[in-house]
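Scroll down for the structure; my scribbles are underneath it.
Each reported figure results from applying straightforward, stated rules to the coordinates on display, with no laboratory input. Keep in mind that what you see is a predicted model, and the values were worked out from it rather than measured. All Cβ positions, even for glycine, are placed from backbone atoms using ideal geometry, and neighbour counts span all protein chains on display.
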Amino acid sequence: MRTIVAFYSRTGTTKKVAEAIAEKIGADIEEIKDTVVRSGAMGYLRSGRDAMKKRLTKIEPVKLAADHYDLVIIGTPIWGWNISSPARAYITEQKDKFKKVAFFCTMGGSGDKRAFPEMEKIIGRKPEVTLALRTTDVVKENFSDKVEKFAEKIKGIDL
Ligand SMILES: Cc1cc2nc3c(=O)[nH]c(=O)nc-3n(C[C@H](O)[C@H](O)[C@H](O)COP(=O)(O)O)c2cc1C
């Protein structure tokens, strides 16, 4: 099974999870990179506003062809109870190349229940598996059990 983990991360939390998942299942990694500066207080405000208005952003060209993979695992931080704009841009641009999909997110506390169905709607496919993690658990390295279970479910997907 050829698998890719495509993720966006503003401050490294989602990246940490993406790398752990990719290592567990032997997947390739595509880091979604934004062309918009999102650092600092202004970047934070802009990001929240963009996400809540469901805006797209201009991301850098992808490095890996999603249609080469049987499964695309998409990771995003939650912004304003929504998908981050760069992850939204990636799935909007690439969705026609996806076969099976799985989703994960990191968040302070909530938003996955709104963001995952939105991702499903944009892509037009149900995720095989989903995983939502709290930022504090990722920072404290308290997430390996959940990644392990997620990876086991991924390995069990019938392709
Ligand atoms: C603009 C913005 C809005 C956010 N909105 C939410 C939210 O609605 N719910 C939540 O639980 N966390 C929210 N967060 C927290 C992030 O989802 C969380 O810190 C995440 O782990 C960051 O991932 P990253 O380090 O990969 O960028 C928000 C963070 C930012 C920057």
Count of the stretch 29-56 residues which are more than 11 Å from the ligand (Cβ to nearest atom), closer than 12 Å to I74 by Cα and surrounded by fewer than 20 Cβ atoms within 10 Å (Cβ to Cβ): 1
Residue match in the stretch 138-159 (condition: assigned to a helix (DSSP H, G or I) and more than 24 Å from G26 (Cα to Cα)): no
Hits in the stretch 73-91 - residues which are touching a Ser or Thr at 6+ places or on another chain (Cβ under 6 Å), within 8 Å of the ligand (Cβ to nearest atom) and without any contact (Cβ under 8 Å) to a residue 40 or more places away in the chain: W79
Any chance E60 is among the acidic types (D, E) and within 14 Å of the ligand (Cβ to nearest atom): no
Hits in the stretch 118-159 (condition: of a type in the set (G, A, S) and within 16 Å of the ligand (Cβ to nearest atom)): A132
Residue under evaluation P61, criteria (1) outside any helix (DSSP H, G or I); (2) within 16 Å of the chain's Cα centre (by Cα); (3) free of Cβ contacts under 8 Å to residues at least 40 places away in the same chain, criterion not met: (2)
